[in-house]
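Notes follow the structure.
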Amino acid sequence: MLNALYRYAQRENLALPPGYIKKTIKAYLVFSEDGKFVGLELPTPQIAVPCPDIGSLANSKDKSNVIVEKKSIVVPAQPNVKSAFFYQAMREGGAVEPHMALCAAAMQDEHNLADIGAELTRAKIKDSDRVSFKVGDVSLLESARTKEWWSAYRGVLLAKDTDAPRVPCLITGELTEPMATVPKTTGLRSVGGHSSGDALICFDKSAFCSYGLEKSANAPVSEQAYASVKAALDALIARAPTLAGMKFVHWYDQPVPPKDDPVELMGMPAFAIEEPEEDDEPEDTAVSTQMEEQSALQQADKLVHSVSTGEHVPKFTNTYYILMLSGVNGRVMIRRYLRGSYEELQSNVERWQQELTLVNSFGTGVMKQFKLFPALIRLMKYQKSDQKIWERMDKELSGVTPAVLTAIMTGAPLPDTVAARALAYIRSKMLGQDDERSEVPVPDDMACQWLKVWLTRRKPRTEEEILMPYYSENHPSSAYHCGALMAVYGAIQRKAMPDVNAGVIQRYYAAASQTPALVLGQLSRLSNYHLAKIENQRWLHWYQDMLSQISVAMGTVIPVTLDLEGQSYFALGYRQMWAQIQAEQRSRNAEYKDKQQGNDETHTEDDGEKEQ
């Protein structure tokens, strides 16, 4: 994984020299060549630029970063140790870059400080905002002399024992003196990360160490190699979507020819790129200008996004990498790491979409393609109104979502908790509709899709056992036909008593889906009462025929209890039979109307002949 990130950074030219990190500068203090304050320059647009950084040393009480720092250090309300360190470094740098000494001296002038304070207040620059310096039109950061000084000064500041042993770098395999601590990864604040960043490699506890090694010796990495890894990870996280309390990071191994450029990406709520919070620093992702690089990135995005959009993606040979990340106690938590062929990934995505195929509740055709975000809601507790859906998803689905995404990308079975949660959602929603007069509750569309995929991938099945998009009389599961039988009972009651408040479905569905033998007998007796109320013989015979056909398909034994698999079959049998009933009723009603219309036209012609 680390080597793949390293190669990605090298290809995209994301790596910065050691000692630099990209930061956003909110304002430049501009001085003239004679040290007079000229005014503020507010960068537009505000993008992250490479800045000197001393790493974890900046967290100490007596040190700070140089040239670029927070307003509270550059323009302190009261003198402090960090501010003194900052300007002492600036004065030392003046020996190499005179403009550094000029800016340090200008910041001691009372008139300059008064004007600077007024301008910063007028521009609403906060104490936490970073500021830097310009002399004329040239930033101190752009000076080659500044970079030369910083390289030497940093070496003194971070002086190490030259006799330290050199070991193979975990990233490149080259001999190196390992870093004691690695820079923190940014961008995980919205998923539990710390505002200052999170450590990807951390051995601050003895429990994390092995073979008697201490700290960084457990995972030795060179400073330059890890700088590339950090740059790649920061850039990928910056564009990664957030889903159920984690960042879904993905990238590709090799570019593809321009001829394979995909059509414009279609967005979806679950994978929308989040806007950074007010205090967050947007990262420059350094988008490649090469056409083949852009094509590969879009192709990788499109294949992952096609899980929800269902659009066709042309196959190409490549390697994908997927990381599911969150932050915990200042550390990067890798929830899942997937790597494989994009051809296999595409095959798995196509299989996923095929397995989701299910007739819609009206029986007019199959449902639209699965949308991941609303579908994940079906794995949470049902609520009629929910103003904090994102917070609930982070709490309730943080454990199951990585397993679900892994199953989609690899073709693996879905965890059993998916079926249990989908069934709980179905029962809660159907019971919650008991105040809707004349409406027979139908199991939720997307919840049934979850059940269908879970059942399909549960174990190898014969051709007869495979769940079709529509109701199948030949399916061997008696639980499946028990659900279909209950759908017919609901339809019969609705035809006989259209104004009933709470019908047999609201009253008995939950019990019938778990103990069908105890409930279906009672529903059969109620159904005889309802059938007697149907005066239209055409409809009466049709319902009776349906009951007979399902009874034959169900067999001679009704299950006493149903396990998770049986309950899932019950829900799908009900759902597919209800769709078949709706389609058949519309067809019969249309035939009846056409016949009546034909009779009316015949009567009109006969009347005209009589008049003549």
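For the reader, a short list of remarks on this structure follows.
- Residue in segment 47-58 that is without any contact (Cβ under 8 Å) to a residue 24 or more places away in the chain and under 25 Å from A152 (Cα atoms) present: yes
- Of all residues in segment 548-571 being in contact with a helix residue (DSSP H, G or I) (Cβ under 6 Å, 6 or more places away or on another chain) and among the aliphatic types (A, V, I, L, M), the one that is surrounded by the most Cβ atoms within 10 Å (Cβ to Cβ): A571
- Among residues of segment 463-488 that are farther than 17 Å from V359 by Cα, those with a beta-carbon under 9 Å from a residue that is polar (S, T, N, Q) and open to solvent by 50 Å² or more (accessible area, probe 1.4 Å) at least six positions away or on a different chain give the pairs E464/N474; P476/T462; L485/S551.
- Residue pairs whose Cβ atoms lie under 8 Å apart, separated by 6 or more positions or on different chains, with the first residue in segment 428-451 and more than 17 Å from L376 (Cβ to Cβ) and at pLDDT 90 or above and the second in a helix (DSSP H, G or I) and open to solvent by 50 Å² or more (accessible area, probe 1.4 Å), do not occur.
- Listed by position, the helices (runs of 4 or more DSSP H) inside segment 442-539 whose residues that are open to solvent by 70 Å² or more (accessible area, probe 1.4 Å) and farther than 30 Å from T410 by Cβ number at least 2 are 478-496, 516-533.
- Of all residues in segment 206-247, those being in a strand (DSSP E or B) and at pLDDT below 85 number 2.
- Helices (runs of 4 or more DSSP H) contained entirely in segment 16-135, each with at least 1 residues that are polar (S, T, N, Q) and open to solvent by 50 Å² or more (accessible area, probe 1.4 Å): 81-93, 110-122
- All positions within segment 365-387 that are open to solvent by less than 30 Å² (accessible area, probe 1.4 Å) and under 18 Å from Q354 (Cα atoms): G365, F370, L372, A375
- Lone unmet requirement of (1) under 22 Å from E584 (Cβ atoms); (2) in a loop (DSSP other than H, G, I, E, B); (3) hydrophobic (A, V, I, L, M, F, W, C) for I558: (1)
- Total residues in segment 24-64, condition under 35 Å from the mean Cα position of the chain (by Cα) and more than 17 Å from S143 (Cα to Cα): 16
The values are calculated or read from the model by the stated rules, or taken from the named source; none is laboratory data. Here the structure is a predicted model, which means the values were calculated and not measured. Cβ coordinates were reconstructed from backbone atoms using ideal geometry, including for glycine residues, and neighbour counts include every protein chain displayed. Heavy atoms of the whole protein, side chains included, go into the accessibility calculation; ligands, DNA and RNA do not. Shrake-Rupley method; radii C 1.70, N 1.55, O 1.52, S 1.80 Å.
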